[in-house]
Each structure stands twice: as structure tokens, then as C-alpha cells.
Amino acid sequence: MKVFWVCILWSIQSWSQASGSSEFAFTLLFDWKFPVDKIKLYVHEKNGNSLENVLCLTDKETNSITVIGGNHYIVGVRFPTLVCVYEGLVYRRDTVLEKNTLFYLITNGMESLSLEEPLFFSEKKKVIEVKRRLKGETFQIEILKHKDLQFLPMHSVDITTEMMRLN
């Protein structure tokens, strides 16, 4: 019977996952071609990672959005992917069509995201990938900018059918 209880206690200890909470704050700066009053923010939360008390502050003078909040995470699960959707119109012959432009903020290996410098989105930089890399004995942040998702390996991008709107 003692062996049974030892096995149960060992399995609980070895299968548990470490989790934590952290605060984040970052600013998304957009090219003037994409006015922030026409941008909606969505988040794709990954398993075990959820945002809490999120505040999105829109500044029309700088054409930026500052995102502040908390992140509850399981260690090893990346910060949720943020998708900014610009709702615009295009004119084709005599027809007006709605055209949504998607901007992705993807993190790789980070439980939370706090940056002092704004992240700049434009026509040629629609995908920003933030990575945490071990260089020597310290972690450094690397920011990569891509025109489209086709340049990213698919294991680093979550394709989703569900997103929650933040603002």
C-alpha cells in the first residue's frame, strides 16, 4: 500500500506544470496609411496562456496603440499572438470592396512582452517576430520584421480559427 501512495505522490509531482503571471506593456506604431481608429486588436491565446486586465490606449496624434496588461502563463508556452486588423476599402471598377489588412505580432520563446521602443508596422512590415535568444550567459531580445507570413517557418506561426477582440 505504501508503494501505491509513493507512486501517486511522485506522479503528481512529476506531471505538474510551472506557471506564473507577469505584466506587459508595449506600443504598436503604424504607418499613417493605416489610421489607428480603423484598427481592431485581436489575440490568439495559446494553451495555458491568457491575458488579463488588458488596456489598449489609442493615440491618434502618433498613430499608435499602447497595450498594457497582465499575462498568466504556463512555462514553455509563448506569449499570445496579437493580430491587428485594419479595416479599409478598395475600389474595383464600380464596386466597393472591404479589404482587411492583418498585422501580426508573434513571440517566440517569451512568456511576457515588455519593450521600451515601439514596434513599427507598415505596408512592407506586416509581421513582427520577437524572439528571446540565449547569447553567452544572458538572454537578448531580437526583433525580426517580415513583409508576409510566408517567410516564417510554420512551426512558429499559429493558424487559428478563433481570436478574441481586445478593443
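Looking only at residues of region 114-158 that are part of a loop (DSSP other than H, G, I, E, B) and at pLDDT below 75, we find that the one that is surrounded by the fewest Cβ atoms within 10 Å (Cβ to Cβ) is 153.
Here's the yes/no breakdown for (1) modelled with pLDDT of 90 or more; (2) part of a loop (DSSP other than H, G, I, E, B); (3) within 26 Å of residue 33 (Cβ to Cβ); (4) open to solvent by 70 Å² or more (accessible area, probe 1.4 Å):
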site: 48; (1), (2), (3), (4): no, yes, no, no
site: 51; (1), (2), (3), (4): no, no, no, no
site: 56; (1), (2), (3), (4): yes, no, yes, no
site: 61; (1), (2), (3), (4): yes, yes, yes, yes
site: 67; (1), (2), (3), (4): yes, no, yes, no
site: 72; (1), (2), (3), (4): no, no, no, no
site: 78; (1), (2), (3), (4): no, yes, no, no
site: 89; (1), (2), (3), (4): no, no, yes, yes
site: 97; (1), (2), (3), (4): no, no, yes, yes
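The values are calculated or read from the model by the stated rules, or taken from the named source; none is laboratory data. The structure presented is a predicted model; accordingly, all values stated were derived computationally and were not measured. Ideal geometry is used to build each Cβ from the backbone, glycine not excepted, and the neighbour counts take in all protein chains shown. When the accessible area is computed, the model is the full protein with side chains, heavy atoms only, and any ligands, DNA or RNA have been set aside. Shrake-Rupley method; radii C 1.70, N 1.55, O 1.52, S 1.80 Å.
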